[in-house]
Every structure is written in C-alpha cells, then in structure tokens.
Amino acid sequence: MFTTYYNEAIRKTVVAFGSLFDEIFVQRRDSAGNTIKKFMVPISYSSKEKFIRMLDEYPNTKGQVDGGRSGESTRAGIASILPRMGFVINNINFDSTRKRNTIYKRYKQKSPTGEVDTQFAEVPYTVGFSLSVVSRTMDDALQIVEQIVPYFTPEFTVTLNFSDMNTKIDVPIILNSVTPEIDYEGDTSTQRSVIFNLEFTALTYVFSPVKSQKFINRTDVTAFNAFFNTGPTGGVTGPTSAAFRIITDVTGPRGRTSLPPIAGTTQDIFEYPNTLSITGGTQNAQ
C-alpha cells in the first residue's frame, strides 16, 4: 500500500508563504519627513523566541562609535538583528469541507506509446502559520504590519505548481488575527522589543503518488443468460452459455495505438442462441 515518494506539497506551501514577505522595507526619516535610510527587513524560518534570545545574549544591539567624526559608526555590532520577521508552522489539519471523492483520478499522457500517468484526487489540508514581527520601535513595527494587512481581505490567493500533473493550483492564505505584544515592564537596563504576532491559515493540498498505466484500446465483453427454476437442471445451461459477445478496438492512422481525438472504434458483435433447459423440454432464448 505505502510506497516511497515525495511531492513536496507542504514544502512548496511553506516557501510560497515565506516569499510573500521577503520584500518588505523600513524607512528612516528626519524631522522634515525626508527619507534618510531605507533597508529591507530580513525574514527567516524561526520563532520569535530566537530573536529574544539573541537580544539577551548580545545586548550591544545599538552599535558603538569607535573614533571618527561625530555620528560616524565604524563598528555596528549586531544592530541588524532588529527589525526582523520570522515564521513557523503551528499545525497541519485535514479539511473535510473541501474533500472530494477519493477515487476521482487525474490523467496525463506520458508518451505517444499509449502510457499515461494517473493520480488519485488531491487531499485538502490546512496549514497554520505564525508570523512574528519584532522591532525596537513601534514605528518600525507599524510600517511592517501596514505593508502586509491590506492585501488580506481576509485571504490572499497564491498560485502554485505542485507537480507536472498539478499546475496552477490556487491556495488561499487567510489572515486570522494580528496581536501586538509589547512589554512595558522591566528595569531600565532591559531593552524593550515591540512584537506583532500574525496568525495565518493556508488552504493547501497534499497529493498521492503518481502511477503509470496503459490506455485501454481493446475491450472484450461476453454476456451470459442465466435461467433459474425449481427443477434439478436450473442455472446457466446451453451449448456455450453465452448470449452475445462484443469486441471493441481502437483504430486510426496508427492502428490500435491511436489515442483520442484522432482515434476511432470498431465493434464486432456475435450472438449465440442458447438452449436453456426447462423442466420437461427445451426452449430457445434470443
């Protein structure tokens, strides 16, 4: 039943989610409102606890000025830690509301020799994500949040190519909540961090393994007559026990290997009058 395969469906969903936030910028302005600095906010697959631990282990996050002219920094320390974003998977759950009949299949022609790839219907799952926005100031955090939330109303749909058989699949990503987490307590030596937690749900799919099979280009159907009675000779009787036989072949320019739409079909029908035994005599069945 179980075979080794990997469609990377969940991995591609994670990559698509992270790529939505990989080009967010924060601006620094002077008192006149002019932009004096603009930089991109990095994002990584990690929880907010990682950022908090980095701040605790490396308290020198504001950089130092080692000589030089006034305001010129020659050693920035690790000032690039904040602002920063990180996301993780919270849960993966089956979604019964989007479930289709499992026996539905998807077909794709593999080669002109008559082989096709088949795959059972997709299985819907929801993937919960948590995105954390960590900054040192409220202004930086609000800049980042306001570049995210307008696109979710409350969902934003991305189109993914999961495999050669499943291309251009729409995956809605729903924004569930935005929760600020600001610590107002603590001593003066502790730096404050402004954190916004955004919860998302991605309506994605996982897929079964792909199997190869050949086209059916010939069918041979034989039908039998069964006659039941209370006598000792009841049941299927007669010389051949068959009523008729139908043989259907696929034809076309390439013979039986032709595939639709250029292929046609031919049928050969054979009828066999059966002699069915009835109590006290015989009767021909048509």
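The values are calculated or read from the model by the stated rules, or taken from the named source; none is laboratory data. Note that the coordinates shown come from a computational prediction; the quantities given were computed from them, not determined experimentally. No Cβ is skipped: glycine too gets one built from the backbone with ideal geometry, and neighbour counts run over all protein chains shown. In case anyone asks, the SASA skips ligands and DNA or RNA and just uses the protein heavy atoms, side chains included. Shrake-Rupley method; radii C 1.70, N 1.55, O 1.52, S 1.80 Å.
Simple spin-label estimate for Ser177 and Gln213 gives 4.7 nm between the two label positions (7 Å along the Cα-to-Cβ direction from each Cα).
Each label was represented as a point 7 Å from its Cα along the Cα-to-Cβ direction; for Tyr5 and Val221 these points are 3.0 nm apart. Among the protein heavy atoms of region 132-177, carbon and sulfur supply 53% of the accessible surface, probe 1.4 Å, non-protein parts ignored. Among Lys12/Lys99; Lys12/Lys38; Lys37/Lys168; Lys12/Lys110, which pairs are too far apart, with a Cα-Cα distance over 28 Å? Pairs exceeding 28 Å: Lys12/Lys38; Lys37/Lys168. With both labels modelled 7 Å from their Cα along Cα-to-Cβ, the Asn161 to Asn91 distance reads 3.4 nm. The slack between Ala121 and Thr35, meaning 0.36 nm per residue of separation minus the straight C-alpha distance, is 25.7 nm.
Could you sort the peptides 170-178, 4-12, 141-149 by per-residue average Cβ neighbour count (10 Å cutoff), highest mean leading? Can you show the working numbers first?
Values: 170-178: 15.4, 4-12: 12.9, 141-149: 17.1.
Output ranking for 170-178, 4-12, 141-149: 141-149, 170-178, 4-12.
A Förster radius of 30 Å combined with the Cβ-Cβ distance from Ile269 to Asn101 puts the calculated FRET efficiency at roughly 0.35.
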